[in-house]
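The values are calculated or read from the model by the stated rules, or taken from the named source; none is laboratory data. Remember, predicted model here, so these are calculated numbers, not experimental data. Here the Cβ positions follow ideal geometry from the backbone for every residue, glycine too, while neighbour counts run over all protein chains shown. Side chains included, ligands, DNA and RNA excluded: accessible areas come from the protein's heavy atoms. Shrake-Rupley method; radii C 1.70, N 1.55, O 1.52, S 1.80 Å.
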Amino acid sequence: MNIENIQKLLKQVDEKVYFCKSCDKLVDKFPNDTTVFLGKDNDIVLVGEAPANNGWRKSHKLWCDIKGKVLPSGVVLQKLFDIIDRDIFETTFLESIKCYPLERKNLKTCSINCKNIMLEQLRILNPKLIITLGEFPTRNLLDFKFNKFADVVGNIYEVNGYKILPIYHPSPISPKSYKGNKPIFEKLKSGNI
């Protein structure tokens with residue numbers, strides 16, 4: 001599918017996001033024109049948890065704050081992407097949850113409510129590999145239950161024709177954001193994943 005058709009179909013999905021009322025009292029709506037950042041290709045698609053309060057939704061620039069400074073999660077993720085010779089600013093990205101949850105306790109509910117929209121976006125993008133950033137997008141995409149997130153991190157799962165690779169969220173708040181993910185990206189580079 002060419003880029004114009006992909007953009008047209010994604011715009012139709014974004015209209016559903018704009019008119020969605022499922023989480024109205026739980027979120028701030030995503031104010032941007034699109035909930036998908038299209039990279040130079042869709043072979044790898046990153047699926048994040050939810051829009052950062054001080055990031056894309058306010059700056060209108062992926063991985064950056066309103067002053068244009070790369071957010072700490074973006075810095076960590078770029079260090080990981082350097083291992084596989086890729087640029088996060090050229091990689092297709094979307095959030096599992098489309099709007100900003102006002103409280104962290106609402107992530108599960110919002111994640112469930114946004115699942116079909118996320119799946120529709122992924123069908124349009126048709127990636128070779130989906131890298132999920134953290135627990136909520138991973139739980140939304142894997143078709144089986146797991147107890148501990150650590151049990152699924154770093155393994156590739158085939159679900160509905162997609163290859164899904166869960167990684168720890170790149171937020172530097174997590175002690176595993178870089179150190180826990182580095183071996184995964186080294187295996188990815190060597191072709192052992």
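Listing for the model above:
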{"read-out": "Relative frequency of Cα-Cα separations exceeding 15 Å in the stretch 31-122, percent", "value": "61 percent"}
{"read-out": "Listed pairs K98/K163; K21/K115; K79/K176; K115/K145; K58/K79; K40/K61 exceeding 18 Å between Cα atoms", "value": "K98/K163; K58/K79"}
{"read-out": "Rg(Cα)/(2.2 N^0.38 Å) for the chain, N = residue count", "value": "0.96"}
{"read-out": "Summed residue charge, Cβ within 14 Å of N5's Cβ, Lys/Arg positive, Asp/Glu negative", "value": "+2"}
{"read-out": "DSSP-defined antiparallel bridges as percent of all bridges, the chain, nearest 5", "value": "40 percent"}
{"read-out": "Separation between Cα centres of the stretch 3-36 and the stretch 107-159, rounded to whole Å", "value": "19 Å"}
{"read-out": "Per residue accessible area of the chain, 1.4 Å probe, in Å²", "value": "53 Å²"}
{"read-out": "Residue-span extension gain [E158 to K58] - 0.36 nm each, minus C-alpha spacing", "value": "32.6 nm"}
{"read-out": "Mean Cβ count within 10 Å, highest first, over the residues of peptides 126-135, 104-113, 146-155, 180-189", "value": "126-135, 180-189, 104-113, 146-155"}
{"read-out": "Portion, in percent, of the accessible area of the stretch 32-158 that falls on carbon or sulfur, probe 1.4 Å", "value": "48 percent"}
{"read-out": "Long-range tail of P(r) for the stretch 112-193 (Cα pairs > 15 Å, %)", "value": "58 percent"}
